[in-house]
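Engineer: This structure is in structure tokens; I'll ask about it shortly.
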Amino acid sequence: MLSVVIPAHNEAKVIGRLLAGLLREAEPDEFDVVVVANGCTDGTAEVAGEYDVRVLTTPVPSKRDALRLGDEAARGYPRLYVDADIELGTAGARALAAVLAAQDGPLAAAPERELALADRPWTVRAYYAIWTRLPHVQTGLFGRGVIAVSAAGNERIRALPPVMADDLAASLAFAADERVIVPTARSVIQPPRTLADLLRRRVRAMTSVSELESATTAGERTGVRDLAAIVAGEPRLLAAAVVFALIAVLARRRAARAIRAGDFTTWLRDDSSRA
């Protein structure tokens with residue numbers, strides 16, 4: 001049985017959208033879905049309870065603790081860890097499970113990402129025009145809202161240290177030949193709606209990458225060579241590369257204070273993507 005674990009902190013506005021799409025074409029008892037409402041002050045648990053899922057509640061607002069509780073309750077493999085604010089259809093979940101269940105299949109998988117950028121300002125669109133072209137972004141499991149693992153893959157990520165950049169840490173836990181992006185599966189991601197919201201998200205990312213590097217001696221950094229290679233291949237993206245670089249520099253400066261203070265718990269949640 002395919003198990004799906006969904007940690008959800010104050011996701012009443014969006015959890016129904018995810019569950020409706022995920023379960024729309026599912027057969028009875030095909031999916032074992034566990035929603036862990038953690039530290040919620042809204043109706044997340046009540047909305048999730050309207051669907052054919054199991055809902056766990058905990059007063060602790062911790063994604064890592066929610067994932068642990070969901071893991072303990074989940075019944076089968078392959079196992080999907082899904083963010084509550086994305087969209088993933090029944091077919092996409094099946095495609096991920098099929099790849100992992102295949103003989104000699106990978107340990108981990110993730111879907112192709114679709115960024116809902118149509119109504120975002122040009123600065124946000126410019127940033128993501130570069131970000132989506134970065135090699136480690138194209139091949140990594142992070143930033144897709146879904147990470148699927150086999151039983152062996154689950155053991156690998158359970159051993160990871162507790163860090164804010166949990167999806168990046170999970171991606172780096174698997175070698176290139178142990179993970180795969182499944183083109184027949186697609187997750188819809190809601191990017192920030194304003195430049196200010198994007199900057200908040202990037203400050204969080206810079207802080208979390210710094211924490212990850214301290215904890216594991218591994219991380220992902222974008223350099224000038226990466227931007228130069230993208231612009232060399234697509235000169236029309238020069239202006240977008242400048243926007244990307246300016247946002248990255250500003251985010252790094254704002255993150256420096258939290259890094260110096262060792263503050264790796266302030267989440268800087270982007271509520272605009274949940275509007």
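The values are calculated or read from the model by the stated rules, or taken from the named source; none is laboratory data. Since the structure is predicted, the reported quantities are computational estimates derived from the model, not experimental observations. So basically every Cβ, Gly included, is an ideal-geometry build from the backbone, and we count neighbours across all protein chains shown.
Engineer: Of the residues that make up segment 78-99, is at least one without any contact (Cβ under 8 Å) to a residue 12 or more places away in the chain and more than 22 Å from Ala20 (Cα to Cα)? First the steps, then the outcome.
Structural biologist: First, pick out the residues of segment 78-99 that are without any contact (Cβ under 8 Å) to a residue 12 or more places away in the chain: 98.
From what's left, more than 22 Å from Ala20 (Cα to Cα): none.
Within segment 78-99, none of the residues are without any contact (Cβ under 8 Å) to a residue 12 or more places away in the chain and more than 22 Å from Ala20 (Cα to Cα).
Engineer: Considering (1) closer than 24 Å to Ala275 by Cα; (2) surrounded by fewer than 16 Cβ atoms within 10 Å (Cβ to Cβ); (3) touching a residue at least 40 places away in the same chain (Cβ under 8 Å), say which one Glu46 fails and leave the rest.
Structural biologist: Result: Glu46 fails condition (3) only.
Engineer: Going through segment 108-126 one residue at a time, which ones are assigned to a loop (DSSP other than H, G, I, E, B) and either of a type in the set (A, V, I, L, M) or farther than 16 Å from Asp85 by Cβ (or both)? Break it down stepwise before answering.
Structural biologist: Going through segment 108-126, the residues assigned to a loop (DSSP other than H, G, I, E, B) turn out to be 116-121.
Passing the criteria: Ala116, Leu117, Ala118, Asp119, Pro121.
Engineer: Still on this structure, please answer the following. Could you please give the count of residues in segment 158-176 that are at pLDDT below 90 and part of a helix (DSSP H, G or I)?
Structural biologist: So the answer is 8.
Engineer: Scan segment 49-78 for residues that are surrounded by fewer than 19 Cβ atoms within 10 Å (Cβ to Cβ), touching a Pro at 6+ places or on another chain (Cβ under 8 Å) and more than 21 Å from Asp271 (Cβ to Cβ) and report the count.
Structural biologist: Residues flagged as surrounded by fewer than 19 Cβ atoms within 10 Å (Cβ to Cβ), touching a Pro at 6+ places or on another chain (Cβ under 8 Å) and more than 21 Å from Asp271 (Cβ to Cβ) within segment 49-78 amount to 0.
Engineer: Are there any pairs with C-beta distances below 7 angstrom linking a residue in segment 160-185 that is surrounded by 20 or more Cβ atoms within 10 Å (Cβ to Cβ) and among the basic types (Lys, Arg) to a residue that is part of a strand (DSSP E or B) and modelled with pLDDT of 95 or more, with the two at least 6 apart or on different chains, and if so which?
Structural biologist: Short answer, once both residue conditions are applied: Arg179/Ala108; Arg179/Ala109.
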